[in-house]
Amino acid sequence: MGERPRAAATLILLLVLAFVALWAASHLTAAGQQADAGVFRTVAPLHDVGLGTAGALRRGLPVVCAGVVAVLGVVAIVRRAWRDLVAALLVVLGTVGIALGLRAVLVRPDLGGFGYAHQTFPSGHVAVVGGLCVAIWLLWPWPASRSLAGWVGLGATAVAAFASVVTYAHRPSDVVGSLLVAAAVAIAVAWLLDVPRAVSPGDGSPSTPPDDDPVPVAGQPPDDDVAPPAPPAAPRPA
């Protein structure tokens with residue numbers, strides 16, 4: 001196993017372990033459930049003041065991100081960036097599917113009536129935004145600004161997570177769990193499909209035009225400096 005696969009596998013394992021530890025601590029212990037409920041009390045002033053704004057962000061971010069992904073998906077088709085397109089689809093479907101599947105399987109026993117009793121871990125809403133933002137990063141057709149697109153996506157995902165907590169839609173552990181799922185899926189897809197790739201002529205991306213001038217061979221002058229052939233020697237008199 002090379003260095004890159006080993007590093008990716010290690011990161012995925014660490015994220016899975018962090019997810020399991022977070023769920024066990026926040027759902028299977030009274031102290032964890034109490035801490036989750038305590039954050040709600042901490043953000044109560046923000047809930048009272050910014051409920052409208054937070055609710056609008058929570059509803060609008062998935063729509064905006066989905067629209068951006070749709071546009072970039074069309075651009076990817078035009079560029080014939082099929083691998084990037086498949087990777088983006090896998091990240092979105094994988095993140096949302098795994099988050100919803102885990103939410104249906106995991107349990108949250110009542111250990112003291114801390115907050116509402118429903119099992120909402122991990123957040124499907126934050127998983128949608130996180131998966132879409134990773135897809136935007138993968139489909140971004142300008143490599144020079146891809147890192148900026150990634151940071152903007154991280155910011156949008158953080159806003160979606162914070163809005164979910166402020167509106168009391170999800171516990172803090174719910175949104176952190178979704179972020180861990182999105183990160184693990186993104187790393188796995190990037191590792192398996194080797195994306196995002198460097199710009200290459202084969203995927204329809206802008207590429208550096210080839211140099212029209214041939215590279216001179218060592219010891220040989222450039223074409224413009226090649227001396228004309230010597231005239232034939234005059235015949236010797238008989």
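Out of GLY60, GLY94, GLY130, which single residue is crowded, with 23+ Cβ neighbours inside 10 Å and part of a helix (DSSP H, G or I)?
Step by step, each of GLY60, GLY94, GLY130 is checked, and only GLY130 is crowded, with 23+ Cβ neighbours inside 10 Å and part of a helix (DSSP H, G or I).
Filter the range 3-38 down to residues that are free of Cβ contacts under 8 Å to residues at least 24 places away in the same chain, surrounded by fewer than 12 Cβ atoms within 10 Å (Cβ to Cβ), farther than 19 Å from PRO122 by Cα and of a type outside the set (D, E, K, R), then give me how many there are.
1
For the list (1) surrounded by fewer than 17 Cβ atoms within 10 Å (Cβ to Cβ); (2) modelled with pLDDT of 85 or more; (3) in a helix (DSSP H, G or I), I need the number of the one condition that TYR168 fails.
Tallying (1) surrounded by fewer than 17 Cβ atoms within 10 Å (Cβ to Cβ); (2) modelled with pLDDT of 85 or more; (3) in a helix (DSSP H, G or I), TYR168 fails exactly one: (3).
For the range 97-108, which positions are within 23 Å of ILE187 (Cα to Cα) and either surrounded by 18 or more Cβ atoms within 10 Å (Cβ to Cβ) or in contact with a Lys or Arg (Cβ under 6 Å, 6 or more places away or on another chain) (or both)?
ILE98, ALA99, LEU102, ARG103
Considering only residues that are within 19 Å of PHE162 (Cβ to Cβ) and touching a residue at least 60 places away in the same chain (Cβ under 8 Å), look in the range 90-121 and name the one that is nearest to the chain's Cα centre (by Cα).
Among them, the one singled out is THR95.
Can you tell me which of (1) aromatic (Phe, Trp, Tyr); (2) assigned to a helix (DSSP H, G or I); (3) surrounded by 14 or more Cβ atoms within 10 Å (Cβ to Cβ) is the one TRP151 doesn't meet?
(3)
Kindly check whether there is at least one residue in the range 172-183 that is touching a helix residue (DSSP H, G or I) at 6+ places or on another chain (Cβ under 6 Å), among the charged types (D, E, K, R) and either modelled with pLDDT under 95 or crowded, with 22+ Cβ neighbours inside 10 Å (or both).
Scanning the range 172-183 turns up no residue that is touching a helix residue (DSSP H, G or I) at 6+ places or on another chain (Cβ under 6 Å), among the charged types (D, E, K, R) and either modelled with pLDDT under 95 or crowded, with 22+ Cβ neighbours inside 10 Å (or both).
If PHE114 meets every condition in (1) part of a helix (DSSP H, G or I); (2) at pLDDT below 95 apart from one, which number is that one?
(1) is the only condition that PHE114 fails.
Do you know which residues across the range 65-81 are in a helix (DSSP H, G or I), hydrophobic (A, V, I, L, M, F, W, C) and in contact (Cβ under 8 Å) with a residue 24 or more places away in the chain?
Once the filter is applied, which keeps residues that are in a helix (DSSP H, G or I), hydrophobic (A, V, I, L, M, F, W, C) and in contact (Cβ under 8 Å) with a residue 24 or more places away in the chain, the range 65-81 yields CYS65, ALA66, VAL68, VAL69, LEU72, VAL75, ALA76, VAL78.
As an exercise: evaluate VAL74 against (1) surrounded by 13 or more Cβ atoms within 10 Å (Cβ to Cβ); (2) farther than 17 Å from ALA182 by Cβ and give the number of the one condition it does not meet.
In the conditions (1) surrounded by 13 or more Cβ atoms within 10 Å (Cβ to Cβ); (2) farther than 17 Å from ALA182 by Cβ, VAL74 misses (1) alone.
The values are calculated or read from the model by the stated rules, or taken from the named source; none is laboratory data. Quantities reported herein were computed from a predicted structural model and do not represent experimental measurements. No Cβ is skipped: glycine too gets one built from the backbone with ideal geometry, and neighbour counts run over all protein chains shown.
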